[in-house]
Amino acid sequence: MNVIVKNIPNSITCLNLLSGCFACIFAFQGEYDWVALCIGLSALFDFLDGMAARVLHAYSPLGKELDSLADLISFGLAPGFMVMYFLAHDSLFHGLDDYQSWWALSALLIPVFSALRLAKFNIDTRQATSFIGLPVPANALFWIGICQAGLNLENKICGYAIVLLVILFSLLLVSELPMFSLKFKNLKFKENLLRYLILIAAVIFLVFFGLAGLAATIGLYIILSLLTAKKP
């Protein structure tokens, strides 16, 4: 029984990984809503595996490494494929000559820098209660929002602007920017003021802008971190 309990968190992490794999498949089909759903499920499983580990006291070095590998697929590779497909097929780059369409490959910076971010997190003892650099799940949510915004603009969004955002957010992943954690440790309003603010803003943005509101939510998260977060 102890063996079963010990592996419950790892099993949930594998569901995170599996959802990320499906997200990659849907990304290459241009099914952006399904990509968003799969990445959302990955985020849910990413939250649940940590909670299960705490409740069951089932922490393990294997679980830590497995979690990073799953996050790389779900929040690094999947959004990278999604943005690459969007740039190649649903942005102003579509229909251009081969030289210009190569810009779509810039989206592969997303999984590369996500891997660097995750590796950095695993060896950085300063990130026990907060983050240094943009967390990879937040980065993935941002790109879901950007692709949805591009579709809502009837493909008139500038592909070059997205390439610049890819570069900027890749640098944010490995930056020394202190950012507060979005995970609730309790429900006390005073201790979670910024988290409640982000949650309320996310609901408002989603109601008015749909999934495109995720980009605005992560933008607000970055701004609040710049204004309030302290270095660990």
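The values are calculated or read from the model by the stated rules, or taken from the named source; none is laboratory data. In this text, all values refer to a predicted model and were calculated from it rather than measured experimentally. Cβ coordinates were reconstructed from backbone atoms using ideal geometry, including for glycine residues, and neighbour counts include every protein chain displayed. What goes into the accessible areas is simple: the full protein's heavy atoms, side chains included, and nothing from ligands, DNA or RNA. Shrake-Rupley method; radii C 1.70, N 1.55, O 1.52, S 1.80 Å.
Odds and ends about this structure:
- Residues located in region 38-52, provided they are within 13 Å of Leu18 (Cα to Cα) and either at pLDDT below 80 or not small (Gly, Ala, Ser) (or both): Cys38, Ile39, Leu41, Leu44, Phe45, Asp46
- Looking across region 6-30, the residues that are crowded, with 16+ Cβ neighbours inside 10 Å, assigned to a helix (DSSP H, G or I) and of a type in the set (Gly, Ala, Ser) come down to Ser19, Gly20, Ala23, Ala27.
- In region 36-48, the residues that are open to solvent by less than 20 Å² (accessible area, probe 1.4 Å) form Cβ pairs under 7 Å with partners that are among the β-branched types (Val, Ile, Thr), at six or more places apart or across chains, as follows: Ala36/Ile144; Ile39/Ile144.
- Scanning region 106-149 for residues that are at pLDDT 95 or above and aromatic (Phe, Trp, Tyr), we see that the one that is farthest from Ala215 (Cα to Cα) is Phe113.
- Here region 176-232 is the region considered, the condition is being open to solvent by 90 Å² or more (accessible area, probe 1.4 Å) and among the charged types (D, E, K, R), and the residue that is modelled with the highest pLDDT is Glu176.
- Restricting Ala138, Ala149 to those that are within 27 Å of Thr228 (Cβ to Cβ), more than 14 Å from the chain's Cα centre (by Cα) and either open to solvent by less than 10 Å² (accessible area, probe 1.4 Å) or touching a residue at least 60 places away in the same chain (Cβ under 8 Å) (or both) reduces the list to Ala149.
- Checked across region 58-69, the condition of being of a type in the set (Ser, Thr, Tyr) and either under 19 Å from Leu173 (Cβ atoms) or open to solvent by less than 10 Å² (accessible area, probe 1.4 Å) (or both) holds for at least one residue.
- Only a single item in (1) open to solvent by 50 Å² or more (accessible area, probe 1.4 Å); (2) of a type in the set (A, V, I, L, M, F, W, C); (3) modelled with pLDDT of 85 or more is not met by Val55, and it is number (3).
- Some residue of region 70-77 being in contact with a Leu (Cβ under 7 Å, 6 or more places away or on another chain), assigned to a helix (DSSP H, G or I), at pLDDT 75 or above and surrounded by fewer than 23 Cβ atoms within 10 Å (Cβ to Cβ): yes
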